[in-house]
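Take a look at the structure below.
The values are calculated or read from the model by the stated rules, or taken from the named source; none is laboratory data. Everything numeric in this text was worked out from a predicted model, so none of it was measured. Ideal geometry is used to build each Cβ from the backbone, glycine not excepted, and the neighbour counts take in all protein chains shown. When the accessible area is computed, the model is the full protein with side chains, heavy atoms only, and any ligands, DNA or RNA have been set aside. Shrake-Rupley method; radii C 1.70, N 1.55, O 1.52, S 1.80 Å.
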Amino acid sequence: MNRHATPAPKLLTATKLIAALLAPFALVACTPGTSEQPIDPPLAGADIGGPFELVGSDGETVRWSDFNGKYRIVYFGFTFCPDICPTDVQRMAQGLEIYAEKRPRQASNIQPIFISIDPVRDTPEKVGEFAAAFSDRLIGLTGSEEQVKAAADTFRVFYSRGEDTPGGGYLMDHSAIVYLFGPNGEPLATLPTDQGAESVAAELDKWVS
């Protein structure tokens, strides 16, 4: 759970979630004469992600299938977040730009996506403004409470209303994990935003072709 006052719970939630989902899968193997190398993406075969219908910043319906053929970076958060979400999204966007400098062709086939878990406050206009503040590549999505809940469940994201804040606002508790999906919508890996933009770029370099 991510309580926005401190980032530590976020890492615990991500670790537990990934460990639980991937326990049945063998992730790495050693090749004689080489260092340990991943032979499959860390999330290969995990039950994460899938069809959704949400709303884009223009008010139009956006579906998971609209991104078929593209790699996808997906992050669930909320625009009123004071710290964790902006930091994660900034490092995600910066990591993609670093990767794009090295591999512009491959980067052009990556679509970063921000999905709100606070549909009461995050209107289409609001998520559009939030996304544009970080990158021209990033798109923001929201929807009805039912649409957002369905999408979060599909992507194994937990969220709930958190503490009230001065002035009548409130925080949101939520899983804070940056997922990378392949061109067919298959889960590939998580991106280590907690380690900085360079680490995000390095992880993209492993799995995007």
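Under a Cβ-Cβ cut-off of 9 Å, what is the net charge of the residues other than Ala189 that fall near it, where Lys and Arg count +1 and Asp and Glu count -1? Don't jump to the answer; show the numbers that get you there.
Numbers: positive: Lys206; negative: Glu203.
Net charge in that neighbourhood comes out at 0.
Taking K and R as +1 and D and E as -1, what net charge do the other residues with C-beta under 11 Å from the C-beta of Ser108 add up to? Don't skip to the end; give the middle numbers.
Details: positive: Lys70, Arg103, Arg105, Arg137; negative: none.
Here the charged neighbours net out to +4.
Can you sort Ser135, Ser57 by solvent-accessible area, 1.4 Å probe, largest first? Don't jump to the answer; show the numbers that get you there.
Numbers: Ser135 15, Ser57 70 Å².
Result of the area sort, largest leading: Ser57, Ser135.
What is the distance, in nm, between label points placed 7 Å from the Cα along the Cα-to-Cβ direction at Asp47 and at Glu186?
That separation, rounded to one decimal, is 1.8 nm.
Express in nm, to one decimal, how much length is gained between Asp153 and Gln195 on full extension, taking 0.36 nm for each residue of separation and deducting their alpha carbon distance. Don't skip to the end; give the middle numbers.
Numbers: separation 42, 0.36 × 42 = 15.12 nm, distance 2.64 nm.
The Asp153-Gln195 span can extend by a further 12.5 nm.
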